[in-house]
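**Q** Could you have a look at this structure, given as structure tokens, before my questions?
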Amino acid sequence: MKRLVCMLLLLSSSSLQAAEPQLAVGFAEADISPTLGKKPVYMAGFGTNRTATKIHDPIMARAVVLTDGTKTLALVAVDLVGFFLPQVENIRKELKGVDHLIVSSTHNHEGPDTVGLWGASPFQSGVDAEYVKRIEQTVIKLVGTATKAMVPATAKIGSAHAPELITDNRLPVVKHDELVAIRFDALNSAKSAKPLGVLIQWNCHPETLDDKNREITADFVGYAASHLKKKHDCPVAYFTGTVGGLMTSLKVPLKNTKGENLNDGTFEKAEAFGHALGQVAEKALTASVDATLVPFDLRVQTILVPVENGLYKLAKTAGVLNRPMYVWTDSTTPKDWKETVDVTKPVGVKTEVSYLKLGELDIAAVPGEIYPELVLGKVQDPPDAGADFPDAPIEPALYSPLKGKFKMILGLANDELGYFIPKRQWDAEKPYCYKLKSSQYGEVNSCGPDTAMVICDTFRKLTEAPKK
Ligand SMILES: [Zn+2]
């Protein structure tokens, strides 16, 4: 009898405790291909005035909504070149039941211009405001659908390296060649059951179709997702990570089944790349191990990033870059956010950095194209003799403070501010690094030489902040 009372006491005390955090996850996807015909659709990523003639394959938005029972996180990947913070803020105003939203662009160079830089001329925006509104509405709906689809789940995480699937076209050669794959299964599901969904994260510009293509496509991302979808019969979400420095699919040597080299600018190569990447993801999934993704600790910092790039300022004045700029007062977290159109004085753009700790998984989410050097702690040391700022301190690497069992990066997360270049690898002035005759590509598409430090230091501080 005494024993029974004890057991009853134990039962009642455990039922009084807060429920253990339990992961639940839901997936959803939607076609976000632009409508062709009525007005020109300017394609993003290369030169101006590249108008779309056809939809070759759909570009997609893919949502993964996760909860630990207390906090809810929505991760959305869009097959676009970039998506600005003001649009993400519009979405958030209408989004209910989500504690944090990340919209990360895959950085597709074969889709519509959603940034502005690729219109009919360098002085005309290529953005169709109606289309951008449609994306906002689609993301709101998609997150709602994925939230409703959430079911208790378990996760397995694995990774695989594929340096052969990245060309680094800017010296020094540093590749972030790790593909991370997460498989979600319904809690207590049979071993043979199909997964709830698969999330993969890889680091490369989707631009295999190159600069002459005029057919809208998701490039290798679409083919990789199809490959995995076919194999697992479940939703697949692809996220872009480190793409600066510059990680590209161009010049990656791939052959067809006859052993012939595949050329850039062909769908055949984009498809072969997608399948090859799908196989790398398979390898990562085969190597995956059980991962605890609860509880959640979601940390976000809104910051002001100084804009020193004269071209960006010009584009702002011309209305090509249509987003607010703020008075820059040497503070990344000003007390007063004063909007300004006067770009003759120091200005900045508002953006945000997130550190998402999901149990054993650490996620860094950065608002642009970060160089692998800054993620992996491989900034050139000592710097090259030609560097513009050889004495610049090395930025704190994103991955160094992350002590979780698993890590992952989301690039172009909630913004696209261009390249984050290590300051001591900044090379706009003569003499050029590595004895090159001209400067390497990169600086022209960066807010400035101090951007990387602002981003990396903000992230470091987020990781060091006490747990809320
Ligand atoms: Zn890029």
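**Q** Arrange the peptides 39-48, 57-66 so that the one whose residues have, on average, the most other Cβ atoms within 10 Å appears first.
**A** Details: 39-48: 19.5, 57-66: 23.7.
With the highest mean Cβ count within 10 Å placed first, the list reads 57-66, 39-48.
**Q** Once you sort the root eigenvalues of the Cα gyration tensor of region 167-228 as a ≥ b ≥ c, which label holds: rounded (a/c under 1.5), prolate (a/b larger than b/c) or oblate (the other case)?
**A** oblate
**Q** Let me know the shape class of region 20-468, please: from the alpha-carbon gyration tensor, a ≥ b ≥ c as square roots of the eigenvalues, rounded when a/c is under 1.5, otherwise prolate if a/b is greater than b/c, or oblate.
**A** Note, shape of region 20-468 comes out rounded.
**Q** I would also like to ask the following. Using Cβ contacts closer than 10 Å as the measure, can you line up Glu20, Glu443, Glu416 from fewest to most?
**A** The order, fewest Cβ neighbours first, is Glu20, Glu443, Glu416.
**Q** Once both labels are modelled 7 Å past Cα along the beta-carbon direction, what's the Val444-Glu94 spacing in nm?
**A** 3.7 nm
**Q** Okay, moving on. Subtracting the Cα-Cα distance from 0.36 nm times the residue separation, let me have the gained length for Glu130 to Ala19 in nm, one decimal.
**A** That works out to 35.5 nm of additional length.
**Q** Using packing as a proxy for protection, rank 79-86, 255-262 so that the peptide with the highest average count of other Cβ atoms within 10 Å comes first. Display every interim value, and only then the final one.
**A** Working: 79-86: 24.5, 255-262: 9.8.
Ranked by mean Cβ neighbours within 10 Å, highest first: 79-86, 255-262.
**Q** Relative contact order for region 20-114 using alpha-carbon pairs under 8 Å, separation at least 6, rounded to a whole percent?
**A** 32 percent
**Q** Give the relative contact order (percent, whole number) for region 20-468; include only Cα pairs under 8 Å separated by 6+ residues. Please list the in-between numbers first.
**A** Values: 1176 pairs, mean separation 72.7, N = 449.
That works out to 16 percent.
**Q** Ignoring everything except DSSP H segments at least 4 long, calculate the 222 nm mean residue ellipticity for the chain; use -39,500 (n - 2.57) per segment, divide by total residues, nearest 500.
**A** Values: 8 runs with 106 residues, N = 468.
Value at 222 nm, helices only, nearest 500: -7000 deg cm²/dmol.
**Q** Another one. Where in region 237-252 is the amide nitrogen less than 15 Å from a point lying 7 Å along the Cα-to-Cβ axis of Asn169?
**A** 243-252
**Q** Next question, about the same structure. Which of rounded, prolate or oblate describes region 293-415 when judged by the alpha-carbon gyration tensor and an a/c cut-off of 1.5? Don't skip to the end; give the middle numbers.
**A** Details: a/c = 2.35, a/b = 1.36, b/c = 1.73.
Since a/c reaches 1.5 but b/c is at least a/b, the shape of region 293-415 is classed as oblate.
**Q** Can you run phi through the Karplus equation (6.51, -1.76, 1.60; θ = phi - 60°) for region 29-36 and list ³J(HN,Hα) in whole Hz, with x for Gly and Pro?
**A** 3J(HN,Hα) across region 29-36, in whole Hz: 8, 8, 6, 10, 4, x, 8, 9.
**Q** Nearest-5 percent of antiparallel DSSP beta bridges in region 20-468?
**A** 75 percent
**Q** Going by amide H atoms built from the backbone, whose H comes under 5 Å of the H on Leu196, apart from near neighbours?
**A** When sequence neighbours closer than 5 places are left aside, the close amide H contacts are Phe184, Asp185, Ala186.
Bear in mind these aren't lab numbers, they're just calculated from the coordinates by the rules spelled out. On a predicted model such as this, the values are computed, not experimentally measured, just so you know. Methodologically, a virtual Cβ is constructed for each residue, glycine included, from the backbone with ideal geometry; neighbour enumeration extends over all protein chains shown.
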